[in-house]
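This report refers to the structure that appears directly beneath it.
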Amino acid sequence: MENAVKIAEIAGPVYLLIGLSVLLYAKVWQKLMGKWQKDHLSLFPLMFLYPVLGLIVIRMYNVWEWNVWLLVTLMGWILLVKGAGYFLLPGSVLKKMMEIKNNLALLYLSGLIAVAIGAALSYYTYFA
């Protein structure tokens with residue numbers, strides 16, 4: 001569990017920050033995602049990090065117990081799968097997946113989920 005806490009100390013505030021940014025500046029995120037949808041290759045440097053970070057998290061903490069630290073395990077696997085998908089799926093599929101920008105409600109929902117995950121991880125690492 002010590003590794004999960006260390007990972008959550010970093011990931012919690014990051015998720016909280018990004019989630020709040022999405023909620024506060026949804027229109028800006030829509031424009032950014034529109035640019036990514038037009039040129040998904042511009043995401044290459046970022047997507048290269050996803051499987052690496054995912055594997056680091058999985059190797060440090062891969063425990064499937066029903067508690068708050070399950071978020072850390074899920075985060076690792078999601079990063080790995082998302083990174084692998086970026087490199088293995090055709091560009092047309094990736095562009096289609098980025099159409100979340102067209103639905104403002106889904107964008108806000110993703111921001112709320114990120115805030116909830118970030119708040120939970122931050123609370124259990126810094127305050128509990």
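Give the number of residues within the stretch 56-69 that are more than 14 Å from the chain's Cα centre (by Cα), surrounded by 14 or more Cβ atoms within 10 Å (Cβ to Cβ) and either assigned to a helix (DSSP H, G or I) or small (Gly, Ala, Ser) (or both). Please lay out each step first, then the result.
If we filter the stretch 56-69 for residues that are more than 14 Å from the chain's Cα centre (by Cα), which is where we start, we get 56, 58-69.
If we keep only those that are surrounded by 14 or more Cβ atoms within 10 Å (Cβ to Cβ) as well, we get 56, 58, 60-61, 68-69.
Narrowing further to those that are either assigned to a helix (DSSP H, G or I) or small (Gly, Ala, Ser) (or both): 56, 58, 60.
Matching residues across the stretch 56-69 total 3.
Looking at the stretch 107-128, I want the residues that are over 11 Å from VAL5 (Cα atoms) and have a partner that is of a type in the set (S, T, N, Q) and surrounded by 14 or more Cβ atoms within 10 Å (Cβ to Cβ) with Cβ atoms under 8 Å, at least 6 apart or on another chain. Which pairs are those?
So the pair list comes out as LEU107/GLN30; GLY111/SER21.
Among what's in the stretch 1-46 and is of a type in the set (Phe, Trp, Tyr) and surrounded by fewer than 16 Cβ atoms within 10 Å (Cβ to Cβ), pick the residue that is modelled with the highest pLDDT.
From the stretch 1-46, those of a type in the set (Phe, Trp, Tyr) are 15, 25, 29, 36, 44; that's our starting set.
Within this subset, residues satisfying the condition of being surrounded by fewer than 16 Cβ atoms within 10 Å (Cβ to Cβ) are 25, 44.
Values: TYR25: 97, PHE44: 86.
Top of the filtered list is TYR25.
Is it the case, given these coordinates, that LEU79 is surrounded by 17 or more Cβ atoms within 10 Å (Cβ to Cβ), part of a helix (DSSP H, G or I), without any contact (Cβ under 8 Å) to a residue 60 or more places away in the chain and not aromatic (Phe, Trp, Tyr)? Can you show your working first?
Working: surrounded by 17 or more Cβ atoms within 10 Å (Cβ to Cβ): yes; part of a helix (DSSP H, G or I): yes; without any contact (Cβ under 8 Å) to a residue 60 or more places away in the chain: yes; not aromatic (Phe, Trp, Tyr): yes.
Yes: the conditions hold for LEU79.
Confirm whether GLY85 is among the small types (Gly, Ala, Ser), within 16 Å of LEU41 (Cβ to Cβ) and under 15 Å from the mean Cα position of the chain (by Cα). Spell out the reasoning first.
On the way: among the small types (Gly, Ala, Ser): yes; within 16 Å of LEU41 (Cβ to Cβ): yes; under 15 Å from the mean Cα position of the chain (by Cα): yes.
The answer is yes for GLY85.
Looking at VAL63, is it modelled with pLDDT of 95 or more and in contact with a Gly (Cβ under 9 Å, 6 or more places away or on another chain)? Give the derivation first.
Numbers: modelled with pLDDT of 95 or more: yes; in contact with a Gly (Cβ under 9 Å, 6 or more places away or on another chain): no.
No, not satisfied.
Kindly indicate the residue of the stretch 1-55 that is without any contact (Cβ under 8 Å) to a residue 12 or more places away in the chain and outside any helix (DSSP H, G or I) and also farthest from ALA120 (Cα to Cα) among those meeting that condition.
The extreme case among them is ASP39.
With respect to VAL72, determine if the residue is in contact (Cβ under 8 Å) with a residue 40 or more places away in the chain and either assigned to a helix (DSSP H, G or I) or under 19 Å from GLY118 (Cα atoms) (or both).
Values: in contact (Cβ under 8 Å) with a residue 40 or more places away in the chain: yes; either assigned to a helix (DSSP H, G or I) or under 19 Å from GLY118 (Cα atoms) (or both): yes.
Taking the combined requirement at face value, the residue satisfies it.
The values are calculated or read from the model by the stated rules, or taken from the named source; none is laboratory data. Keep in mind the model is a prediction, meaning the values are calculated, not measured. Cβ: placed from backbone, ideal geometry, glycine included. Neighbour counts: every protein chain shown.
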